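What follows is one structure encoded as structure tokens, with my remarks underneath.
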Amino acid sequence: MEIKVVLLLCLLGIQAVECGSSSSSSLSSNYGFFNVKDYGAKGDGKTDDTKAFMDAWKEACGSRGPGRLLIPWGAYLVGPLEFRGPCKNVPTMHIQLIGILKAPRDMSKFGSLDTWVLFGWVDGLTLTGGGTFDGQGSSAWPLNKCTTNTKCKLLPTSVKFASLTNTVVRGISSLNSKFFHIAILDCKHFKASSIKITAPEDSPNTDGIHLEGNTDITISQSTIGTGDDCISVGPGNSLVSIDNVKCGPGHGISVGSLGKYVDEGDVDGLSVRDCSISNTMNGLRIKTWAGSPGESRARNMTFQNIIMNNVGNPIIIDQSYCPYSFCPDKAPSQVKLSDITFKNIRGTSKTEVAVKLECSKGHPCKEIILQDVHLEYNGGPAKASCVNVKATYSGTQIPPPCS
């Protein structure tokens, strides 16, 4: 009974000292847990614990029955790490992250890799425990040239989830990523909740959560403040639900950018509800590149019950998106936007044009609905701007609809 109690407290992070001791960690494998400290991890914030983590993962992934990896309290200098499957005899894999993982400051550690911690090709992964991924990105941000150079070298994303099915991520924090905090790519049935993401407002390209090529994704009850999009919904996503997210600072919640590459997948089925956006560059944004190399679609999207607090561009569709200082004129965007609803959007705008719908001349937006929009401009009456779109309006409309 005493052994079980100690193990339970260890998982909850209540007895940090005991969990880090050899007496308690040696018990973990006996109960189906593979504790990284059993494999030599020091957790002192100085020793490179990468090998210990990989050895523990190999054992857990190769075990029979449910796999459990335990990362108890401590500060672990690790990476890059690749938690790869498939774990053939393991029906589910549970990673209990209680401690803090710290990324290397030395960029030579990454070589050609674009990711610090990768979770990939696993079915039934659960990541919980209240721990933190600390990207230690401040020293790398000056190396980021992607805001001005289209051929820049990408810095590493902190945490990438790739080709996973039936995934749960809950109660995890990400701090000061070098590039994106979290990327979710080619996953199915992914649920993320109680996520906390933090980076300074001026940190470049530190998107909170980026989605691409996924099906059935839920992000809820989370707080994201960073230097770029709080959440970016890229191409190829379907059935995405975002609710009860607090965003700010940052660039808002964005769809896109879309249309940059040939044969991009469509965005079909997005719900953003019951969120608050504060002190951000944009609010709800849909952005597509001019001169798209191929046609794609973004449709069936609803933005509902959103509170804006001192937000630039609270509602914006921009089909001539270009983030670089020099953007030559190109052909109209080939991304087709349709069936998009903005409902019960209220709060304050720090720009005069609170609603900006600038659609493609080649493919004007269709079925754009604004219902009960109330956005006050801090400096006077708010305005709306519309190009290549005929929107449908109902209920309160502040600013007034485009003429």
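Readers should treat all values here as calculations from the given coordinates under stated rules, not as data from a laboratory. Computed from a predicted model, the values in this text were never measured in an experiment. Because the Cβ atoms are built from the backbone with ideal geometry, glycine has one as well, and the counts that use them run over all protein chains shown.
Hey, what do the phi angles of region 111-128 turn into as Karplus ³J(HN,Hα) couplings, whole Hz, using 6.51/-1.76/1.60 and θ = phi - 60°, x for Gly and Pro?
Computed from phi, the couplings for region 111-128 are x, 8, 6, 10, 9, 7, 10, 10, 10, x, 6, 10, 9, x, 8, 10, 10, 9 Hz.
Net charge within 10 Å of HIS189 by Cβ-Cβ distance, Lys/Arg positive one each and Asp/Glu negative one each, not counting HIS189 itself?
Values: positive: LYS188, LYS191; negative: ASP123, ASP216.
Net charge around HIS189: 0.
Any idea how far the Cα center of region 201-241 sits from the one of region 66-139, in Å?
Computed from Cα coordinates, the inter-centre distance equals 19 Å.
Would you list which lysines come within 26 Å of LYS343, measuring only between C-alpha atoms, while excluding same-chain residues fewer than 8 positions from it?
Filter leaves LYS191, LYS246, LYS287, LYS356, LYS361, LYS366, LYS383, LYS390.
Can you give me the angle between helix 50-61 and the longest principal axis of the chain, using Cα atoms only, in degrees from 0 to 90, rounded to the nearest 10?
Tilt relative to the chain: about 90 degrees.
Can you give me the long-range amide H partners of GLY291? Hydrogens built in the peptide plane at 1.01 Å from N, cutoff under 5 Å, separation of 5 or more residues or another chain.
Under 5 Å from the amide H of GLY291: ALA331, SER333, GLN334.
For a quick check, take a GNM of the chain with Cα springs below 10 Å and name the residue from THR150, THR280, THR215 with the largest mean-square fluctuation.
Most flexible of the set in this elastic network: THR150.
For the chain, give the magnitude of the charge dipole about the Cα centre (Cβ charges: +1 Lys/Arg, -1 Asp/Glu; no others), in debye to the nearest 20. Please report the intermediate quantities before stating the final value.
On the way: 39 positive and 36 negative charges, 28 e Å.
Approximately 140 debye in magnitude.
Classify region 146-281: rounded, prolate or oblate, from the alpha-carbon gyration tensor (a ≥ b ≥ c, eigenvalue square roots; a/c under 1.5 rounded; otherwise prolate if a/b is larger than b/c)? Walk me through the numbers before you get to the answer.
Working: a/c = 1.38, a/b = 1.05, b/c = 1.31.
Rounded is the answer for region 146-281, as its axis ratio a/c remains below 1.5.
Take CYS327, CYS386, CYS187 and order them by how many other Cβ atoms sit within 10 Å, fewest up front. Spell out each step's value before the answer.
Details: CYS327 13, CYS386 18, CYS187 23.
Exposure proxy ranking, most exposed first: CYS327, CYS386, CYS187.
Going by how many other Cβ atoms sit within 10 Å of their own, how do LEU154, LEU185, LEU357 line up, fewest first? Let's see the in-between values first.
Numbers: LEU154 13, LEU185 18, LEU357 25.
Exposure proxy ranking, most exposed first: LEU154, LEU185, LEU357.
What is the chain's relative contact order, in percent, from Cα pairs under 8 angstrom and six or more apart in sequence?
Values: 1271 pairs, mean separation 30.7, N = 403.
Dividing the mean separation by the residue count of the chain yields 8 percent.
Between the helical axis of 2-12 and the dominant principal axis of the chain, each derived from Cα atoms, what acute angle in degrees is found, rounded to the nearest 10?
30
Modelling each spin label as a point 7 Å along the Cα-to-Cβ direction, I'd like the GLU201/ASN166 distance in nm, to one decimal.
Placing both labels 7 Å beyond Cα along the Cβ direction yields 4.5 nm.
Rank these for me by crowding, ARG297, ARG105, ARG68, going from fewest to most other beta carbons within 10 Å. Display every interim value, and only then the final one.
On the way: ARG297 18, ARG105 14, ARG68 22.
By the 10 Å Cβ count, ascending, the order reads ARG105, ARG297, ARG68.
For LYS151, which aspartates and glutamates qualify as cross-link partners when the Cα separation must be under 16 Å and same-chain residues fewer than eight apart are set aside?
ASP114
Just report the Cα centroid separation between region 169-195 and region 312-378, whole Å.
Each part reduced to its Cα centre gives a spacing of 27 Å.
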